[in-house]
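Engineer: My structure is below; once you've seen it, I'll send some questions.
The values are calculated or read from the model by the stated rules, or taken from the named source; none is laboratory data. Because the structure is a prediction, the values reported are computed rather than measured. Note: ideal-geometry Cβ built from the backbone for every residue, glycine included; neighbour counts use all protein chains shown. Ligands, DNA and RNA are excluded from the accessible area calculation, which covers all protein heavy atoms including side chains. Shrake-Rupley method; radii C 1.70, N 1.55, O 1.52, S 1.80 Å.
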Amino acid sequence: MITGAPVDAARVGRDGALRLSFERRGAVTALTGCRSILPLQVLAPVSLDDPAAVVSILNPTGGLLGGDRLSIEVDVEAGAHAVLTTPSATRVYRADGAPTVQTVRLRLGPGAVVEWVPDHTIPFAGSALRQAFDVELDETASLVLVDAFSAGRIALGEAWRFALLESAISIRDRCGWLLHDRFVLRGRAGEDEPAFGGLGFAESHPYFASIAVIGAFDAARFAAEVHQRVGADTPGACLGAAVLPRRGALVRCLARNAPALVEAVERCWNLARAALLARPPLALRKG
C-alpha cells in the first residue's frame, strides 16, 4: 500500500498516485506490481488476442479537480509489452485556485514496448491543467504515445474557455534526447479576446493531438504513410508528420470534431503498430 503525504487541511485537491510494473512471462506480459491512491485506479489487465497486457487507468471521482496532484509511474521490464488506455475521455473541472498537476513517468527496459493511448482530455471552462510526460527507454525499446485534447465542451460553446492548458513530452535514451515538446495555452477570457482561428492558432479546429512514435522502424516511410493514408483520407482532420533526428517520428493532428480526432488518432496508431511491431490493429472494445 502506498502511504500518502500528510494532509494539509487548507489545501484543495488530492494527491493521487499510481505505480505499475510489467514483466514478460513466457509469451505474454504480466502486471506484476500495482499500487494506487485515489483518485487513480486501474481495471484488471486484459489480453485481446495480442502479446500485450492492456490496462485501463481510471478516475472514479469523475474527473480532475483543481489542486489535484497526480503521479503515474510505469516500469516495463525487458521484453514486456503494455498498452495503457482510459475507459473514456478525461474531464478537467473548473479550478478557482491551484491547477491540476499530472506527471507521468514511463521506464522501458531492453526490448520493451509501451503504447500510451488514452482517450482525449476535455478541459472545462475555467479549468487549469499542467501535465508532463517523462519517458526513459532502452535503445531497443519501442513507444507510441498519444497526447490528445479537445478545446473544451464544444457543444456547450466552451471552446478555448479553460484558464490554462499545459503539456510537455520529454523522451530520452542513454544517448540523449529523442524528443522534448511542450505547449502552454491560456484560454480566451471573453468574446473580445483573439480567436484560435488563424495559422498557428489551431485554424478553427477545436480538437488536437500529438503522437510520438519511437523505435527501430522506417520513420520516413511512416511519416509518408500518415500523409497519404490518414491525412488525405480522414474527413474533418488535418495531419502533419515529421521525422525526428533519431529513432522516431512526431505526428500533429487537428480535427473539427471528436469523431474525426478519434478516427485520425486510431489510424495513426494502427500505422505505428504495423511499422514498429508488425502487429495488426488492436481493438480496445470500449463501449
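Engineer: List, please: which pairs have Cβ atoms under 6 Å, are six or more places apart or on different chains, and start with a residue in the stretch 81-95 that is touching a residue at least 60 places away in the same chain (Cβ under 8 Å) and end with one that is buried (at least 16 other Cβ atoms within 10 Å of the Cβ) and acidic (Asp, Glu)?
Structural biologist: Val83/Glu115; Ser88/Asp119; Ala89/Asp119
Engineer: Out of the residues in the stretch 29-50 meeting the condition of being open to solvent by 40 Å² or more (accessible area, probe 1.4 Å) and touching a Pro at 6+ places or on another chain (Cβ under 8 Å), tell me which one is nearest to Thr90 (Cα to Cα).
Structural biologist: Among them, the one singled out is Gln41.
Engineer: Related question: Would you point out the residue of the stretch 111-136, among those that are among the small types (Gly, Ala, Ser) and either without any contact (Cβ under 8 Å) to a residue 12 or more places away in the chain or open to solvent by 20 Å² or more (accessible area, probe 1.4 Å) (or both), that is nearest to Pro281 (Cα to Cα)?
Structural biologist: Gly111
Engineer: For residues that are part of a loop (DSSP other than H, G, I, E, B) and out of contact with any strand residue (DSSP E or B) (no Cβ under 8 Å at 6 or more places or on another chain), scanning just the stretch 23-43, find the one that is farthest from Leu84 (Cα to Cα).
Structural biologist: It comes out as Gly26.
Engineer: Look at Pro87 and say whether it is surrounded by 19 or more Cβ atoms within 10 Å (Cβ to Cβ) and touching a Lys or Arg at 6+ places or on another chain (Cβ under 9 Å).
Structural biologist: So Pro87 does not fit the description; no.
Engineer: In the stretch 51-62, what count of residues is obtained for those that are open to solvent by 20 Å² or more (accessible area, probe 1.4 Å) and either out of contact with any strand residue (DSSP E or B) (no Cβ under 8 Å at 6 or more places or on another chain) or closer than 19 Å to Glu115 by Cα (or both)?
Structural biologist: Number of matching residues: 4.
Engineer: For the stretch 233-264, how many residues meet the condition of being over 18 Å from Ala219 (Cα atoms) and in a strand (DSSP E or B)?
Structural biologist: Looking only at that region, the number is 4.
Engineer: Could you identify the single residue in Ala255, Ala260, Ala237, Ala272 that is open to solvent by less than 30 Å² (accessible area, probe 1.4 Å) and within 23 Å of Glu139 (Cβ to Cβ)?
Structural biologist: Ala272
Engineer: Which of the residues that make up the stretch 14-28 are at pLDDT below 95 and either of a type in the set (A, V, I, L, M, F, W, C) or open to solvent by less than 30 Å² (accessible area, probe 1.4 Å) (or both)?
Structural biologist: Gly16, Ala27, Val28
Engineer: Within the stretch 83-128, how many residues are of a type outside the set (Phe, Trp, Tyr) and within 14 Å of the chain's Cα centre (by Cα)?
Structural biologist: The qualifying residues number 22.
Engineer: If we scan the stretch 203-210, do we find a residue that is among the aromatic types (Phe, Trp, Tyr), in a loop (DSSP other than H, G, I, E, B) and in contact (Cβ under 8 Å) with a residue 40 or more places away in the chain?
Structural biologist: Within the stretch 203-210 (the criterion being among the aromatic types (Phe, Trp, Tyr), in a loop (DSSP other than H, G, I, E, B) and in contact (Cβ under 8 Å) with a residue 40 or more places away in the chain), the answer is no, since none of the residues qualifies.
Engineer: Within the stretch 148-165, can one find any residue that is at positive phi, touching a Phe, Trp or Tyr at 6+ places or on another chain (Cβ under 8 Å) and open to solvent by less than 10 Å² (accessible area, probe 1.4 Å)?
Structural biologist: yes
Engineer: Sticking with this structure for a sec: Counting just the residues of the stretch 94-110 that are of a type in the set (Gly, Ala, Ser) and open to solvent by less than 30 Å² (accessible area, probe 1.4 Å), which one comes out modelled with the lowest pLDDT?
Structural biologist: Ala95
Engineer: Do we have any residue at all in the stretch 277-287 that's in contact with a helix residue (DSSP H, G or I) (Cβ under 6 Å, 6 or more places away or on another chain) and either basic (Lys, Arg) or open to solvent by 80 Å² or more (accessible area, probe 1.4 Å) (or both)?
Structural biologist: Taking every residue of the stretch 277-287 in turn, at least one turns out to be in contact with a helix residue (DSSP H, G or I) (Cβ under 6 Å, 6 or more places away or on another chain) and either basic (Lys, Arg) or open to solvent by 80 Å² or more (accessible area, probe 1.4 Å) (or both).
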